[in-house]
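The values are calculated or read from the model by the stated rules, or taken from the named source; none is laboratory data. Just so it is clear, the structure is predicted and the values come from calculations on it, not from any experiment. Cβ placement follows ideal geometry from the backbone for every residue including glycine, while neighbour counts extend to all protein chains displayed. When the accessible area is computed, the model is the full protein with side chains, heavy atoms only, and any ligands, DNA or RNA have been set aside. Shrake-Rupley method; radii C 1.70, N 1.55, O 1.52, S 1.80 Å.
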Amino acid sequence: MTFIQKLAAAWTRNDSLLCVGLDPDLARFPAHLAGQPDAIVQFCKAIIDATADLACAFKPQIAYFAALGAEDQLEDICTYLRETYPHIPLVLDAKRGDIGATAHQYAREAFDRYGADAVTVNPYMGFDSVEPYMAWPDRGVIVLCRTSNAGGSDLQFLDVGGRPLYQHVAQLVADKWNRNGQCALVVGATFPEEIAQVRALVGDMPLLIPGVGAQGGDVEATVKAGRTAGGAGMMINSSRAILYATPQDGEDFAQAARRAATETRDAINAARDAA
């Protein structure tokens with residue numbers, strides 16, 4: 001099953017467009033995990049188990065692991081996801097961008113070492129920096145297009161032939177780069193009008209949409225702008241708002257995460273029904 005097929009099946013199976021981001025921050029872990037050598041694995045596995053029936057994808061952000069020298073724990077978490085929840089896509093958020101030979105090594109890292117179903121990449125260096133990932137035609141290549149940070153406009157809004165650069169990227173990926181039908185785009189929830197413009201350019205291509213939850217993106221506006229005619233087409237990511245939800249009424253951290261994920265998934269679905 002390809003990444004695109006697995007994602008479509010997960011949308012249906014879990015009735016969800018929610019992508020749960022895995023951004024482990026030791027300073028925000030529950031006290032009982034302090035000092036434990038496998039704290040990251042314990043924390044992420046608990047989050048995964050608590051939210052697996054609510055998510056269409058899981059998205060570990062590699063920097064949160066690499067900064068702690070915890071790549072081995074990331075490998076363990078990826079193995080756990082693949083073996084325990086093989087029906088849920090694993091998206092490695094790495095935002096890699098380098099030239100051919102080096103890009104091939106980054107692709108090996110994502111797809112062979114971590115077994116990711118998809119990886120995020122930066123298109124700034126052009127197609128030859130993205131093409132090596134396509135040697136794995138069953139995997140997803142998720143290209144940065146319109147990011148959720150305010151500074152993204154510094155470059156992404158530059159005029160390119162009468163339209164902003166992010167629209168040029170979207171059109172380029174849709175028309176020329178998506179040779180194997182494996183591409184998706186990153187478009188931030190903080191700019192719903194621009195999500196709609198990208199959707200109009202790329203048809204039913206999947207969109208990874210960060211920015212809801214802690215970054216304040218509007219769920220209803222995001223869904224209205226980004227949904228396909230079939231009511232799907234998106235992986236709407238929330239990380240910190242789920243991972244570090246404040247426990248209530250005797251909840252532990254995983255139960256609090258489940259409650260937050262349920263609320264987000266249900267808000268997304270309510271917006272789907274209203275659209």
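Of all the numbered requirements in (1) open to solvent by less than 10 Å² (accessible area, probe 1.4 Å); (2) touching a strand residue (DSSP E or B) at 6+ places or on another chain (Cβ under 7 Å); (3) over 18 Å from Ala52 (Cβ atoms), Met235 misses one, and that requirement is (3).
Which members of segment 114-148 meet the condition of being among the acidic types (Asp, Glu) and under 11 Å from Leu92 (Cβ atoms)? Lay out the reasoning, then the answer.
Restricting attention to segment 114-148, the residues satisfying the condition of being among the acidic types (Asp, Glu) are 117, 128, 131, 138.
Answer for segment 114-148, where residues must be among the acidic types (Asp, Glu) and under 11 Å from Leu92 (Cβ atoms): just Asp117.
So, in segment 249-263, of the ones that are out of contact with any strand residue (DSSP E or B) (no Cβ under 9 Å at 6 or more places or on another chain) and of a type in the set (A, V, I, L, M, F, W, C), which residue ends up most open to solvent (accessible area, probe 1.4 Å)? That would be Phe253.
Counting only residues that are open to solvent by 20 Å² or more (accessible area, probe 1.4 Å) and either touching a strand residue (DSSP E or B) at 6+ places or on another chain (Cβ under 7 Å) or without any contact (Cβ under 8 Å) to a residue 40 or more places away in the chain (or both), how many does segment 203-227 have? Please lay out each step first, then the result.
We begin by selecting, within segment 203-227, every residue open to solvent by 20 Å² or more (accessible area, probe 1.4 Å); these are 203-204, 210, 213-216, 218-221, 224, 227.
Then keep just the ones that are either touching a strand residue (DSSP E or B) at 6+ places or on another chain (Cβ under 7 Å) or without any contact (Cβ under 8 Å) to a residue 40 or more places away in the chain (or both); that gives 203-204, 210, 213-214, 216, 218-219, 221, 227.
Residues in segment 203-227 being open to solvent by 20 Å² or more (accessible area, probe 1.4 Å) and either touching a strand residue (DSSP E or B) at 6+ places or on another chain (Cβ under 7 Å) or without any contact (Cβ under 8 Å) to a residue 40 or more places away in the chain (or both): 10 in total.
In segment 47-59 there is no residue that is farther than 17 Å from Ala260 by Cα and of a type outside the set (D, E, K, R).
Quick check on segment 128-172: of everything there that is in contact (Cβ under 8 Å) with a residue 60 or more places away in the chain and among the charged types (D, E, K, R), which residue is most open to solvent (accessible area, probe 1.4 Å)? Out of the qualifying residues, it is Asp138. Cβ separations smaller than 6 Å between residues 6+ apart or across chains give the following pairs from segment 255-275 residues that are in a helix (DSSP H, G or I) to residues that are surrounded by fewer than 18 Cβ atoms within 10 Å (Cβ to Cβ) and of a type in the set (Gly, Ala, Ser): Arg272/Gly231.
For segment 194-205, check the following and say yes or no: at least one residue is of a type in the set (Lys, Arg), over 18 Å from the mean Cα position of the chain (by Cα) and modelled with pLDDT of 95 or more. Break it down stepwise before answering.
Step one: list which residues in segment 194-205 are of a type in the set (Lys, Arg), which gives 199.
Next, only the ones that are over 18 Å from the mean Cα position of the chain (by Cα) stay: none.
Taking every residue of segment 194-205 in turn, none turns out to be of a type in the set (Lys, Arg), over 18 Å from the mean Cα position of the chain (by Cα) and modelled with pLDDT of 95 or more.
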